[in-house]
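Enquirer: Before I ask anything, let me first share the structure, which is written out below as structure tokens.
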Amino acid sequence: MTHPERKLAKRFDMPGRSAAFTDIVYSGTDGSWDKIRKDQAARLPEPPQYQVYFGELHGHTNLSDGGPSIDDYFTGLRDRAELDFGALSDHDHGGVGKPELWDAGKWELTKQKVREYYEPGKFSTILAYERDSYPFYNNLVVYYRTDDGEMLRGVRDGEITREELHRWLAREDLVLVPHDTNILSSGADFLAMDMDDMVPIIQVFGRGSSCTEYMGDPLASMLGDDCEGGHWQDALKRGARMGCIACSDDHGGNGGLMTGAFPYGCPGITGVWAESNTREAIFDALKARRCYGYMGGQNGRAGRVTVDFRIDGHYMGEEITVTGDPAVYYNIQADVPVETVTVVKNCRDYIILRKKSEQLFYDYRQEQEADCYYLRVKLADGRQAWTSPIWVSRA
């Protein structure tokens, strides 16, 4: 892109208006669409250096308030939903009227089963549990890098202090992810918190409970409450570096599987770009925010929606500094056709592309010290996907 006045006329551009493209179009009989396609293809990034894996990161068993046994839970994710990884996240209170998760050998059994079902390269299990954490995050899932973590007991069970929150957020072996943050009964308020209180990842979609992207989202209104301050965009607008995942919050042994009509029956599935299908690599991808969430449930399986979103070759979750005009790229492979892809820049819909599963464009205009980009994908059957952002500063 070399026209000296292009940035006077445009904020964004596509390689279809490069000088090479123009020369091919205006070359008489020497021009051809084959040459144009080759010129465009040469500008696309290299294939991803990571592999994409799909998993369910939030579910419950009869150790707390769910129905299935741990064995049924993990075998369901592995064999029925055909997922690559899974986390069990029973409540720390153990279910109302039942022993807490730290009593009666429940946590030791959880760790034992996480070890038992771990098959590196085939099915990775992540140690986790859900911790009531009033007043900052009522529903907070704790994920461990190893299979032998201790539960986070604080000043008072069911609550959390700011000092405890900051101490646990700083740990390299933990990832803390809240859910239902926009719901009155269990929400969070990103407009009230300090920036140091922000978590690295939010659950943007949960089956039958919430969609937390932004206030007034039609999908959120179909699922439940919607309270100002509890949305992903509320945190992003304040400058939080927060990625996203999607989870089913399953209680019935149907994690990763469609259980009814759209949208209530759609499971929440998390995709990660990781070096391998191992516990450590999956955790490290989450810690790096190299993850995204989508509504699964196609043909009785979890459905596979691959979203490759990069800027100048950098992956979702990264904070980068560029010297030129950032090249924004996506490639989506889904089990149904892509309906729209919305490029969200600084929490507003910036570009909406229809029925395009792959696209590259250049963005000329810097708007903030670090511009925040993510994708919202809508599929032909109504399901959606959301990527973790990429934050772009310019030298």
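Enquirer: Could you please let me know if D103 is over 27 Å from the mean Cα position of the chain (by Cα), modelled with pLDDT of 95 or more and open to solvent by 30 Å² or more (accessible area, probe 1.4 Å)?
Expert: Spelling it out, D103 is indeed over 27 Å from the mean Cα position of the chain (by Cα), modelled with pLDDT of 95 or more and open to solvent by 30 Å² or more (accessible area, probe 1.4 Å).
Enquirer: Here's a check for you: in the stretch 317-326, which residue that is open to solvent by 20 Å² or more (accessible area, probe 1.4 Å), touching a strand residue (DSSP E or B) at 6+ places or on another chain (Cβ under 7 Å) and not polar (S, T, N, Q) is nearest to R383 (Cα to Cα)? Let's see the steps before the verdict.
Expert: Filtering the stretch 317-326 down to residues open to solvent by 20 Å² or more (accessible area, probe 1.4 Å) leaves 318-319, 321, 323-325.
This time we only want the ones that are touching a strand residue (DSSP E or B) at 6+ places or on another chain (Cβ under 7 Å), so: 318-319, 321, 325.
Still in the running and not polar (S, T, N, Q): 318-319, 325.
Details: E318: 26, E319: 28, D325: 32 Å.
Only one residue tops the list, namely E318.
Enquirer: Sticking with this structure for a sec: Select, from Y330, Y362, Y374, the only residue that is in a strand (DSSP E or B), closer than 22 Å to P47 by Cα and either of a type in the set (A, V, I, L, M, F, W, C) or open to solvent by 10 Å² or more (accessible area, probe 1.4 Å) (or both). Let's see the steps before the verdict.
Expert: Numbers: Y330 fails: either of a type in the set (A, V, I, L, M, F, W, C) or open to solvent by 10 Å² or more (accessible area, probe 1.4 Å) (or both); Y374 fails: either of a type in the set (A, V, I, L, M, F, W, C) or open to solvent by 10 Å² or more (accessible area, probe 1.4 Å) (or both).
Result of the check over Y330, Y362, Y374: Y362.
Enquirer: What residue, among those in the stretch 333-348 that are touching a residue at least 24 places away in the same chain (Cβ under 8 Å) and of a type outside the set (V, I, T), is most open to solvent (accessible area, probe 1.4 Å)?
Expert: That would be Q333.
Enquirer: Given (1) at pLDDT 95 or above; (2) among the hydrophobic types (A, V, I, L, M, F, W, C); (3) surrounded by 19 or more Cβ atoms within 10 Å (Cβ to Cβ), where does A302 come up short, assuming only one miss?
Expert: Among (1) at pLDDT 95 or above; (2) among the hydrophobic types (A, V, I, L, M, F, W, C); (3) surrounded by 19 or more Cβ atoms within 10 Å (Cβ to Cβ), the lone unmet condition for A302 is (1).
Enquirer: Follow-up. May I ask you to verify whether A235 is closer than 28 Å to V52 by Cα, open to solvent by less than 40 Å² (accessible area, probe 1.4 Å), in a loop (DSSP other than H, G, I, E, B) and among the small types (G, A, S)?
Expert: On the way: closer than 28 Å to V52 by Cα: yes; open to solvent by less than 40 Å² (accessible area, probe 1.4 Å): yes; in a loop (DSSP other than H, G, I, E, B): no; among the small types (G, A, S): yes.
Judged against the criteria, A235 is not a match.
Enquirer: Sticking with this one: If a residue has to be of a type in the set (S, T, N, Q), open to solvent by less than 10 Å² (accessible area, probe 1.4 Å) and in a loop (DSSP other than H, G, I, E, B) to count, how many in the stretch 181-213 make the cut?
Expert: 3
Enquirer: Okay, moving on. I need the full set of residues from the stretch 235-288 which are within 16 Å of A385 (Cα to Cα) and among the aromatic types (F, W, Y), in order please.
Expert: If the condition is that a residue be within 16 Å of A385 (Cα to Cα) and among the aromatic types (F, W, Y), then F262, Y264, W273 are the ones that fit.
Enquirer: Considering only the stretch 1-52, how many residues are surrounded by 13 or more Cβ atoms within 10 Å (Cβ to Cβ), among the small types (G, A, S) and either in a loop (DSSP other than H, G, I, E, B) or touching an Asp or Glu at 6+ places or on another chain (Cβ under 8 Å) (or both)?
Expert: 3
The values are calculated or read from the model by the stated rules, or taken from the named source; none is laboratory data. Since the structure is predicted, the reported quantities are computational estimates derived from the model, not experimental observations. Methodologically, a virtual Cβ is constructed for each residue, glycine included, from the backbone with ideal geometry; neighbour enumeration extends over all protein chains shown. Only protein heavy atoms, including side chains, enter the accessible area calculation; ligands, DNA and RNA are left aside. Shrake-Rupley method; radii C 1.70, N 1.55, O 1.52, S 1.80 Å.
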